[in-house]
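The values are calculated or read from the model by the stated rules, or taken from the named source; none is laboratory data. Just so we're clear, the structure is a prediction, and the values are computed from it rather than from any experiment. Note that we place each Cβ from the backbone using ideal geometry, even for glycine, and neighbour counts take in every protein chain shown. We work out accessible area using only protein heavy atoms, side chains counted, and drop any ligands, DNA or RNA first. Shrake-Rupley method; radii C 1.70, N 1.55, O 1.52, S 1.80 Å.
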Amino acid sequence: MKKIICKDAVLAAQAAADVFESQINEKPESVLGLATGSTPIGLYNELASRCSAGKIDFSKARTFNLDEYYPIKAEHRQSYSAFMDKHLFSKVNFASTHLLSGEALDPYEECARYDAEIEFAGGIDLQLLGIGRNGHIGFNEPAVSYSMGSYLVDLTEGTLKANSRFFDDDETQPTQALTMGIGPIFKARKILLLITGEDKADITKKLFGGVLHTDVPACFLLLHPNVTVILDEAAAARMK
Ligand code: PGA
């Protein structure tokens with residue numbers, strides 16, 4: 001596992017964009033796994049500006065997002081579909097983009113369809129991940145056992161509280177989500193974990209404390225052969 005500690009979140013976003021740039025230069029038709037949340041916004045801005053400066057060409061790349069609230073309409077301003085359109089897809093020309101659908105009538109069929117689509121694309125070349133304060137990756141919340149394939153998950157109180165800041169008082173926040181399971185994430189050939197902000201310092205300390213906590217889903221990454229972790233100093237502050 002390679003760790004890169006950057007002074008702040010802006011430099012961390014640039015270092016993460018370098019990883020994407022190398023990936024696309026090496027393999028223009030890469031399959032990219034993408035994430036939502038506050039953490040990747042700086043990275044997506046950086047990718048969009050490198051793209052418009054002609055430094056990266058994503059036109060042969062395909063993307064698969066980690067998760068989506070359930071149920072939610074794609075056009076809802078808090079859907080991850082709308083998030084991706086706003087922060088990246090409206091600015092960067094990918095060959096194709098894929099998300100789990102929060103509008104699917106049968107969530108289980110939708111998950112099976114999505115997993116098959118990822119398989120058919122040849123699996124993920126580079127998977128971007130953030131981390132929740134409870135150690136979740138995607139919406140794989142801490143549990144006793146984990147689904148390999150994509151599944152419908154009940155979000156934890158902590159996750160609902162952390163994400164409630166995005167929803168207005170008159171908006172209903174979904175309490176469930178569809179998420180890529182641990183299987184396709186772990187099968188990604190390369191993983192980039194981006195961690196910024198002092199509110200992630202405790203979980204970062206736990207993640208890198210030398211113990212594989214089974215109730216910290218991100219700990220599975222400790223066993224993956226090709227993970228780069230990019231942190232800012234605030235997130236790394238309590239790490240040994
Ligand atoms: P955040 O979310 O980037 O908004 O902190 C990360 C996550 O929950 O995976």
Show the residue pairs that are 6+ apart or on different chains and have beta-carbon atoms under 6 Å apart, the first residue being within region 189-210 and of a type in the set (Phe, Trp, Tyr), the second being surrounded by fewer than 20 Cβ atoms within 10 Å (Cβ to Cβ) and in a loop (DSSP other than H, G, I, E, B).
Phe208/Met239
Scope region 84-103; condition open to solvent by less than 50 Å² (accessible area, probe 1.4 Å) and touching a Phe, Trp or Tyr at 6+ places or on another chain (Cβ under 9 Å); matching residues:
Met84, His87, Leu88, Val92, Phe94, His98, Leu99, Leu100, Ser101, Gly102
Residue check: is Thr97 farther than 25 Å from Arg165 by Cα and of a type in the set (Ser, Thr, Tyr)?
yes
Return the pairs, sorted by first residue and then second, in which the second residue is of a type in the set (Ser, Thr, Tyr) and open to solvent by less than 90 Å² (accessible area, probe 1.4 Å), the first residue lies in region 1-12 and is outside any strand (DSSP E or B), the beta carbons are less than 6 Å apart, and the residues are 6+ apart or on different chains.
Ala9/Thr196; Ala12/Thr196
When (1) within 16 Å of the ligand (Cβ to nearest atom); (2) outside any loop (DSSP other than H, G, I, E, B); (3) among the β-branched types (Val, Ile, Thr) are applied to Ile131, the one that fails is (2)
Restricting to region 82-102, give me the number of residues that are under 22 Å from Pro184 (Cα atoms) and part of a loop (DSSP other than H, G, I, E, B).
6
Residue list for region 152-169, restricted to those being more than 15 Å from Gly102 (Cβ to Cβ) and hydrophobic (A, V, I, L, M, F, W, C):
Leu160, Ala162
Test of understanding: among Ser147, Ser96, which residue is more than 14 Å from the chain's Cα centre (by Cα) and farther than 28 Å from Met1 by Cα?
Ser96
Assuming Thr175 fulfils every condition listed in (1) under 18 Å from the mean Cα position of the chain (by Cα); (2) closer than 18 Å to Cys111 by Cβ apart from one, which condition is it?
(1)
What are the residues in region 156-176 that are touching a residue at least 60 places away in the same chain (Cβ under 8 Å) and within 11 Å of the ligand (Cβ to nearest atom), if any?
Phe166
Among the residues of region 135-157, which ones are open to solvent by 50 Å² or more (accessible area, probe 1.4 Å) and under 22 Å from Ile72 (Cβ atoms)?
Asp154, Glu157
Pair list, Cβ under 6 Å, 6 or more apart: region 212-234 residue within 15 Å of Leu128 (Cα to Cα), other residue basic (Lys, Arg):
Asn226/Lys190; Thr228/Lys2; Val229/Lys3
What's the total number of residues in region 22-65 that are in contact with a Phe, Trp or Tyr (Cβ under 8 Å, 6 or more places away or on another chain), in a loop (DSSP other than H, G, I, E, B) and under 17 Å from Asp85 (Cα atoms)?
4
Among the residues of region 71-83, write down those that are open to solvent by 30 Å² or more (accessible area, probe 1.4 Å) and aromatic (Phe, Trp, Tyr).
Phe83
Could you tell me which of the residues Gly37, Gly54 is within 16 Å of the ligand (Cβ to nearest atom) and open to solvent by less than 70 Å² (accessible area, probe 1.4 Å)?
Gly37
